[in-house]
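> For reference, the structure I am asking about is given below.
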Amino acid sequence: MKVALLAGGTGGAKLAAGMQSVIGSDLTVISNTGDDVETLGVYVSPDPDLVTYWLAGQVDEVRGWGIKDDSFDVFQRMARFGAPDWFSLSNLDLAACLYRKDFMLSGGRLTDAQAQIGRGMGIEARVLPMSDQPVRTRILSSGEWRGLQEYLIREGGQTEVEGVELQGIESADATPEVIEAITGADLIVIGPSNPVISIGPILAVPGIRQAMIEAPAPVIAVSPYVAGKVIKGPTDLFMKAIDRPTTAAGVASLYQGVIDAMISDAGDPDPPPTDVRSFSTETFMHSAESRATVARAVLKVGETLTTS
């Protein structure tokens, strides 16, 4: 089964890792680039890299980002010289970002740079940026607009969200690779990432939402709520900012017209969505085994939808 998986941060990246362990190279991950930022003289693409590190088995699972057992010597030395110190990158993380910046300065596409990084790290699945054109998510908080990374890191993602905008979204295009992955998939999955700032930018890229609606494959969303709560990140703040319930049903409402089914956590105390087919399973991905188990459950739902 060929699967196209939309993923942003940790939840989607974990599901990608579980899915790769089951179907290998039949997985294509379409990743959010609204978080991208240029800092320290490099081009940082946090979500595609996070997904890649999870797929390569190299992510620091304790921190939830970066590469395990890596040091921050280069970053610390740069900060000592006076470089910005709010966005930290470990040595090997810097290597990927340096490579990406040099590749793109030479005229290469973001898509091809990410493919090279994935090949260099030996992953089986493909990781595709949602677009080669720059899209930047900006957050209005405390009466001031700022980049998403500044909001998440400098403010800790704790202050009330008053607005969200996607700079550059009108000029962005879905790449041919993204459209091909969607139209050629046997199953399309929206991962359990933040629906507003991780999945929202992907669906907002002109061409992607329509391609998913028109694709012959069923589309399944996996709720980011586990036992009624989000494991990591400010999903609740962003759901409240757009006046949606902080539940699986609230998430499903954002994907209305796109998804055929929603998978909720078996321990979720809130009512499931009623306007699409609803399934439940254990979705807490705390180990390689549990990630593979969730992936198999998603594939099984996909088979059910395909044959029904």
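> Restricting to helices (runs of 4 or more DSSP H) lying wholly in the stretch 44-113: which have 1 or more residues that are over 20 Å from S193 (Cα atoms)?
Numbers: elements: 46-55, 73-81, 91-105.
The qualifying helices (runs of 4 or more DSSP H) are 73-81, 91-105.
> Please tell me if T235 is more than 17 Å from the chain's Cα centre (by Cα), modelled with pLDDT under 95 and over 20 Å from M1 (Cβ atoms). Lay out the reasoning, then the answer.
Numbers: more than 17 Å from the chain's Cα centre (by Cα): no; modelled with pLDDT under 95: yes; over 20 Å from M1 (Cβ atoms): yes.
Here the answer is no, as T235 does not meet what is asked.
> Right, another one. Counting only residues that are of a type in the set (D, E) and buried (at least 22 other Cβ atoms within 10 Å of the Cβ), how many does the stretch 229-269 have? Spell out how you get there, then give the answer.
Kept after step one, since they are of a type in the set (D, E), are these residues of the stretch 229-269: 236, 243, 260, 265, 268.
Imposing the further condition that a residue be buried (at least 22 other Cβ atoms within 10 Å of the Cβ) reduces the set to 265.
Qualifying residue count, the stretch 229-269: 1.
> Continuing with the same structure: Check off (1) without any contact (Cβ under 8 Å) to a residue 60 or more places away in the chain; (2) crowded, with 20+ Cβ neighbours inside 10 Å; (3) within 22 Å of Y43 (Cβ to Cβ); (4) not charged (D, E, K, R) for S193 and give me the number that stays unchecked.
The one condition S193 does not meet is (1).
> Would you confirm whether any residue within the stretch 130-144 is loosely packed, with under 14 Cβ neighbours inside 10 Å and acidic (D, E)? Please lay out each step first, then the result.
So the first thing to find is which residues in the stretch 130-144 are loosely packed, with under 14 Cβ neighbours inside 10 Å, and the list is 142-144.
If we keep only those that are acidic (D, E) as well, we get 144.
Looking for residues that are loosely packed, with under 14 Cβ neighbours inside 10 Å and acidic (D, E), one finds at least one in the stretch 130-144, hence yes.
> Shifting gears a bit: Taking E180 and the conditions (1) out of contact with any Ser or Thr (no Cβ under 6 Å at 6 or more places or on another chain); (2) farther than 15 Å from L5 by Cβ, which numbered condition does it fall short on, given that it satisfies the others?
So E180 meets the others, but not (2).
> Of everything in the stretch 116-127, what is part of a helix (DSSP H, G or I) and surrounded by fewer than 17 Cβ atoms within 10 Å (Cβ to Cβ)? Give them in sequence order. Give the steps one after another, and end with the answer.
Within the stretch 116-127, the first condition is being part of a helix (DSSP H, G or I), and the residues that meet it are 116-120.
Q116, R119, G120 - these are the residues of the stretch 116-127 that are part of a helix (DSSP H, G or I) and surrounded by fewer than 17 Cβ atoms within 10 Å (Cβ to Cβ).
> Here's another thing I want to ask about it. Taking the condition surrounded by 14 or more Cβ atoms within 10 Å (Cβ to Cβ) and at pLDDT below 95, does R154 pass? Let's see the steps before the verdict.
Working: surrounded by 14 or more Cβ atoms within 10 Å (Cβ to Cβ): no; at pLDDT below 95: yes.
Criteria not met by R154.
> Looking only at the stretch 23-41, how many residues end up being over 17 Å from G302 (Cα atoms), buried (at least 21 other Cβ atoms within 10 Å of the Cβ) and hydroxyl-bearing (S, T, Y)?
Number satisfying all stated conditions: 2.
> Over 30 Å from G24 (Cα atoms), modelled with pLDDT of 95 or more and under 20 Å from the mean Cα position of the chain (by Cα) - does that describe any residue in the stretch 253-262? Give the steps one after another, and end with the answer.
Pass one, the stretch 253-262, residues over 30 Å from G24 (Cα atoms): 253.
The next check asks that each one be modelled with pLDDT of 95 or more; those that pass are 253.
Filter again for under 20 Å from the mean Cα position of the chain (by Cα), leaving 253.
For the stretch 253-262, residues over 30 Å from G24 (Cα atoms), modelled with pLDDT of 95 or more and under 20 Å from the mean Cα position of the chain (by Cα): present.
> Go through the residues of the stretch 180-190 one by one and say whether even a single one is within 17 Å of the chain's Cα centre (by Cα), buried (at least 16 other Cβ atoms within 10 Å of the Cβ) and part of a helix (DSSP H, G or I).
Within the stretch 180-190 (the criterion being within 17 Å of the chain's Cα centre (by Cα), buried (at least 16 other Cβ atoms within 10 Å of the Cβ) and part of a helix (DSSP H, G or I)), the answer is yes, since at least one residue qualifies.
> Right, another one. Kindly evaluate V226 against the criterion of being modelled with pLDDT of 95 or more, farther than 25 Å from A204 by Cα and crowded, with 16+ Cβ neighbours inside 10 Å. Show your work before the answer.
Numbers: modelled with pLDDT of 95 or more: yes; farther than 25 Å from A204 by Cα: yes; crowded, with 16+ Cβ neighbours inside 10 Å: yes.
For V226, the condition - modelled with pLDDT of 95 or more, farther than 25 Å from A204 by Cα and crowded, with 16+ Cβ neighbours inside 10 Å - is met.
Conditions (1) in a helix (DSSP H, G or I); (2) farther than 30 Å from D60 by Cα, marked per residue:
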{"position": "P216", "(1), (2)": "no, yes"}
{"position": "L237", "(1), (2)": "yes, no"}
{"position": "G257", "(1), (2)": "no, yes"}
{"position": "S264", "(1), (2)": "no, no"}
{"position": "S278", "(1), (2)": "no, yes"}
{"position": "T283", "(1), (2)": "no, no"}
{"position": "T293", "(1), (2)": "yes, no"}
{"position": "L305", "(1), (2)": "yes, yes"}
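> Out of (1) surrounded by fewer than 17 Cβ atoms within 10 Å (Cβ to Cβ); (2) part of a strand (DSSP E or B), the odd one out for E160 is which?
(2)
> While we're on this one: Quickly run through the stretch 1-22 and pick out the residues that are surrounded by fewer than 24 Cβ atoms within 10 Å (Cβ to Cβ) and polar (S, T, N, Q).
Of everything in the stretch 1-22, just one residue is surrounded by fewer than 24 Cβ atoms within 10 Å (Cβ to Cβ) and polar (S, T, N, Q), namely S21.
> Looking at V219, V230, which one is touching a residue at least 40 places away in the same chain (Cβ under 8 Å) and within 20 Å of the chain's Cα centre (by Cα)? Steps first, answer last, please.
Working: V230 fails: touching a residue at least 40 places away in the same chain (Cβ under 8 Å).
Unique residue meeting the criteria: V219.
> Here's something else I'd like to know. Take the stretch 115-173 and flag every residue that is touching a residue at least 60 places away in the same chain (Cβ under 8 Å), small (G, A, S) and more than 21 Å from L50 (Cα to Cα).
Once the filter is applied, which keeps residues that are touching a residue at least 60 places away in the same chain (Cβ under 8 Å), small (G, A, S) and more than 21 Å from L50 (Cα to Cα), the stretch 115-173 yields only G163.
> Does any residue in the stretch 275-297 that is more than 24 Å from D26 (Cα to Cα) come within less than 7 Å, Cβ to Cβ, of a residue that is surrounded by 17 or more Cβ atoms within 10 Å (Cβ to Cβ) and of a type in the set (S, T, N, Q) six or more places away or on a different chain, and which pairs are these?
S278/S264; S280/S264
The values are calculated or read from the model by the stated rules, or taken from the named source; none is laboratory data. What you see is a predicted model, and the numbers here were worked out from it, not measured in a lab. Using ideal geometry, Cβ is built from the backbone for each residue, glycine included, and neighbour counts are taken over all protein chains shown.
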